[in-house]
Amino acid sequence: MASEIHMPGPLCLIENITGQLKVNPKALKILSAIQQPLVVVAIVGLYRTGKSYLMNKLAGKKKGFSLGSTVQSHTKGIWMWCVPHPKKPNHTLVLLDTEGLGDVEKGDSQNDSWIFALAVLLSSTFVYNSMGTINQQAMDQLHYVTELTERIRSKSTPEANEVEDSAEFVSFFPDFVWTLRDFSLELEADGQTITEDQYLENALKLKQGTSEKDKNFNLPRLCIRKFFPRKKCFIFDRPTHRKKLSQLETLHDDELDPEFRQQVTIFCSYIFSHSKIKTLSGGIIVTGPRLENLVLTYVNAISSGDLPCMENAVLALAELENSAAVQKAIDHYDKQMSQKVQLPTETLQELLDLHSTSEREAIKIFIRSSFKDIDHLFQKKLAAQLEKKRDDFCKQNLEASSDRCSVLLQDIFGPLEEEVKQGIYSKPGGYRLLIQNIKKLKKKYFKEPRKGIQAEEVLQKYWKSRESVIDAILHTDQTLTEKEKDIEVERVKAESAQTAAKMLADMQEKSQQMLEQNEKSYQEHVRQLAEKMERDRAQWLKDQERTIALKLQQQAQLLKEGFQDENRRLNNEIQNLQRKMKTPQTICAIC
């Protein structure tokens, strides 16, 4: 696992070539090497508003993202800079700087809308950068937020004519940070000092009314409130004299406005401390390879004329990672078995026990590495592959045992066969001598270690092939009476029948062991799956609580503002009544 990534400077992640978005393979390769959790901060805003300067400060550098010094948009597409997170060990901070919105040279505003949507989809903190105050013009310039439901889908198959639930739609949207550059107003309202966040909340208040003008006024504000429940605002003074702005990269800190320096420090500290790890539905933590796949999925969808879909992106990511999880589990199983198994094993159960241990670990690795395995398709693939691996080992075990036993039989009984060929036992009393020697050699054979599970069967086949030779010696031995020969024939038959019965019992025992192993494997899959489902259920409940909390938050905010508006109306009526009561005409009328 890569501990951290070192990028000396930013690299274009998504290129914007004549209005066509294209992923940069070099940037994807960098992401693929980052196994740490990612905190992804994206910044968007009108061109020439100083976005890149803030991103360079977050990277801890004076130079990096191009600042430019003209009235043209300098950054094209989306640029990426991956740096070690300054406050979270073993985490990577991914900074995404986007091309300036509203560049007249592009001509097509749809391209800006896609850049805006991608920044929302890819980030865990979304920074909107603008100049001056939050007035109606600033809201109008933020019209991209009103188009998010037209650019992004949360589900692949929403019901016909159904507007997607906003709380579910935004439950995994990034936090929203509005940075106001060259801010010149005093932070006051009704004669009271207010915070930057209160200034933002005041600017997002809705108008009471149903006219077209009221709707246009409310629409961007309503979208910001609905799509970004967690909001933050920062104001920045002008950093230096206007003529020196083009030299911002080379200016020393002491040449910048002290207030501006402090504001930048506070902003960076907030981003470092409060920006969350990028996650997907189900609590899935985004790492470099996962962000790589998200980028590919979203850009491919846009390029093909489809809408980026969060559910589809997660499913595509799940398919890739679940396939990799199966292979990772199989690789672990192979490694464990190659280290632990020495063929042939003395018993089948010995091999099955080793398989069970390795299988259990493999399932655990798969369960830990997989997610959203719909209908358990990938776990079933793993189970099938593990079963095949087990059967292959059983087959190899049989072959290894047969080979080992065949070699032993040749070594042990080879000299005896030579004696038979030389006629040593073709004489009176030779049969009894042969049987005595065979018994001695059988004992020697059975004492040999690691013959495996084929020891009896291979021995039986060996002597079966030599029955005619032994029969010939029996019938030519003149020291034996006919009755003794008949008795010996019956003894051999009985011994053969006994051996066959023992082999049949062994086969039945092995079959039973295989059946029990199948059930054991099934139960192990079920057990670990049940544990994972319980964890997933807990995460699902957590996600549902998050969605419900967002709904309640939205409703509470609307109620609060409704009460505030009603209170203001009543206070105005009371004040008007009090003023009327104080006028001479009113006093005279009362008199």
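Given +1 at the Cβ of Lys and Arg, -1 at the Cβ of Asp and Glu and no other charges, the dipole of segment 418-487 around its Cα centre is 440 debye to the nearest 20.
Decide, for segment 389-448, between rounded, prolate and oblate: order the square roots of the alpha carbon gyration tensor eigenvalues as a ≥ b ≥ c, take rounded if a/c falls under 1.5, and otherwise choose prolate if a/b is larger than b/c, else oblate. Present the calculation step by step, with values, prior to reporting the outcome.
Working: a/c = 4.24, a/b = 2.98, b/c = 1.43.
Prolate, because a/c is 1.5 or more and a/b exceeds b/c.
Surface listing: His143, His475 arranged by accessible area from highest to lowest gives His475, His143, probe 1.4 Å.
Across segment 80-91, rounded Karplus estimates of 3J(HN,Hα) from the backbone phi angles (6.51 cos²θ - 1.76 cosθ + 1.60, θ = phi - 60°) give 10, 9, 9, 9, x, 5, x, 10, 10, x, 6, 10 Hz, Gly and Pro being marked x.
When peptides 345-354, 495-504 are ranked by their average number of other Cβ atoms within 10 Å per residue, the highest-first order is 345-354, 495-504. For segment 227-358, the relative contact order comes to 13 percent (Cα pairs under 8 Å, sequence separation of at least 6). The figure for Phe393 is an accessible area of roughly 30 square angstrom, using a 1.4 Å probe on the protein chains alone.
Less than 5 angstrom separates the built amide H of Val40 from those of Val94, Ser124, Thr125, Lys278, all sequence-distant by 5 or more or on a different chain.
In the complete set of protein chains, residue-level accessible area for Glu545 is approximately 120 Å², probe 1.4 angstrom. Look at the dipole of segment 386-510 built from charges on Cβ: of Tyr445, Gln508, Gly414, the Cα furthest out on the positive end belongs to Tyr445. Entry note: segment 440-485 has Rg to Rh equal to 1.14, where both radii use alpha-carbon atoms and Rh is the Kirkwood radius. At the residue level, Asp375 shows approximately 100 square angstrom of accessible surface with a 1.4 angstrom probe and all protein chains present. Decide, for segment 187-321, between rounded, prolate and oblate: order the square roots of the alpha carbon gyration tensor eigenvalues as a ≥ b ≥ c, take rounded if a/c falls under 1.5, and otherwise choose prolate if a/b is larger than b/c, else oblate. Here segment 187-321 falls in the oblate category.
Rounded to the nearest whole Hz, the Karplus-based 3J(HN,Hα) values (6.51 cos²θ - 1.76 cosθ + 1.60, θ = phi - 60°) of segment 142-150 follow the sequence 9, 5, 4, 5, 6, 9, 4, 5, 8, with x at glycine and proline. The listed residues Arg290, Arg491 rank as Arg491, Arg290 when sorted by accessible area, largest first, using a 1.4 Å probe.
Which values, in whole Å and largest first, are the semi-axes of the equivalent ellipsoid of segment 429-547 obtained as the square root of 5 times each eigenvalue of the Cα gyration tensor? Kindly include the intermediate steps, with their values, before the conclusion.
Values: eigenvalues 748, 36, 14 Å².
Whole-Å semi-axes of the equivalent ellipsoid: 61, 13, 8.
The phi torsions of segment 412-428, fed into the Karplus equation with coefficients 6.51, -1.76 and 1.60 and a -60° offset, translate into couplings of 7, 9, x, x, 5, 5, 5, 5, 5, 5, 7, x, 4, 9, 8, 7, x Hz, rounded to whole numbers, with Gly and Pro shown as x.
Near Leu95: Cβ cut-off under 14 Å, other residues only, Lys/Arg at +1 and Asp/Glu at -1. The net charge is +4.
The values are calculated or read from the model by the stated rules, or taken from the named source; none is laboratory data. Just so you know, these numbers come straight off a predicted model, no measurement behind them. Ideal geometry is used to build each Cβ from the backbone, glycine not excepted, and the neighbour counts take in all protein chains shown. What goes into the accessible areas is simple: the full protein's heavy atoms, side chains included, and nothing from ligands, DNA or RNA. Shrake-Rupley method; radii C 1.70, N 1.55, O 1.52, S 1.80 Å.
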